[in-house]
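Before any comments, here is the structure.
The values are calculated or read from the model by the stated rules, or taken from the named source; none is laboratory data. All values reported here derive from a predicted model rather than from experimental measurement. Positions of Cβ are generated from backbone atoms using ideal geometry, with glycine treated the same way; all protein chains shown enter the neighbour counts. Heads up: the accessible areas ignore ligands, DNA and RNA and are worked out on the full protein's heavy atoms, side chains in. Shrake-Rupley method; radii C 1.70, N 1.55, O 1.52, S 1.80 Å.
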Amino acid sequence: MISRYSSTEFFDELWTSHLLVVIRQFREASNFNALKFSSYRFALRLGASALAYHHIPPKGAVDNSVFNVLSVGFPQDFTSRYVSQKLHEVDPSIREILNQSRTHWWTDMEYTHHIRPAERKYLSSIDISELGHGIMMPVFGPGARNGYVSIGFGKHKPALDQSALDFVQMICHFAHLRYCDLLSQDQPRAEALSKREREILTWVTKGKPNNLIADILGIKESTVVTYLQRSYDKLGVNNRLTAALRAMANGDLDI
């Protein structure tokens, strides 16, 4: 188990003996099940007793329902309630962790943002100590496809310093990127935006309303709406702001 290592010994051994092996396993994973299996093996190597990976698609994505990708070792009633009741929408630790860049211990989480009433209610409804010790980290991907990983260690807290935690986060981030790669293979290729569609969305990012965009471009407002609707269909979204954000994330806009 991980608790028999000092953080320095853990980091040195895992780095020299397993880093390239783990990375290769993730890279060679040809499907989601293979990636999940490799991820869980890595967690077991850490001495973990639980692992969860949650993927957060960008707003307006056609696969916006995908959330709970992997959850192993956590209490079944907690996991079922968390997913079925969409508690991630009121879990303040997610908003906090995604606004930072570092790994945090569950019990050391400090909230720097205002806690909303729904989030406060959620916090009062759970006892994080029942889950034991664990870490939570953000992972960031292409096109604003972000997520977070939770790794639980049970009752015994391993002696991991920040360097070791950074190493674990690096591995988890690579696994997240591989998940995004596999996911993109299942997504239909988006049709390229036309020059006019890109032009209109660029003005949207600058806060211009449709009527003003029409004046700037010397076209009818109804024509602007038509081009916007075409861009919605291509980007898989349903409103002008989300379309502009998606196009920016895809690198389609020159701003």
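Key figures
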{"quantity": "CD proxy at 222 nm, helix term only [per DSSP H run n ≥ 4: -39500 (n - 2.57); per residue of the chain; nearest 500]", "calculated": "-16500 deg cm²/dmol"}
{"quantity": "Dipole axis of the chain (+1 Lys, Arg; -1 Asp, Glu on Cβ), positive-most option in LEU182, THR223, HIS54", "calculated": "THR223"}
{"quantity": "Contour minus Cα-Cα distance for PHE78 and ASN99 (0.36 nm per residue)", "calculated": "5.1 nm"}
{"quantity": "For the stretch 183-255, accessible area per residue (1.4 Å probe, heavy atoms of protein chains only), Å²", "calculated": "61 Å²"}
{"quantity": "15 Å cut-off, amide nitrogen to a point 7 angstrom out along ILE219 Cα→Cβ, residues in the stretch 225-255", "calculated": "225-234"}
{"quantity": "The chain: most fluctuating residue of HIS113, HIS104, HIS176 per GNM, C-alpha cutoff 10 Å", "calculated": "HIS113"}
{"quantity": "Which of LEU131, LEU51 is most accessible, then next, and so on - probe 1.4 Å", "calculated": "LEU131, LEU51"}
{"quantity": "Portion, in percent, of the accessible area of the chain that falls on carbon or sulfur, probe 1.4 Å", "calculated": "52 percent"}
{"quantity": "Extension gain, THR205 back to GLU28 (0.36 nm per residue minus Cα-Cα distance, nm)", "calculated": "59.9 nm"}
{"quantity": "0 to 90° range, to nearest 10: angle between helix 162-186 axis and the chain longest Cα axis", "calculated": "50 degrees"}
{"quantity": "Cα coordinate range in the chain, projected on the principal axes (Å, largest first)", "calculated": "71, 43, 29"}
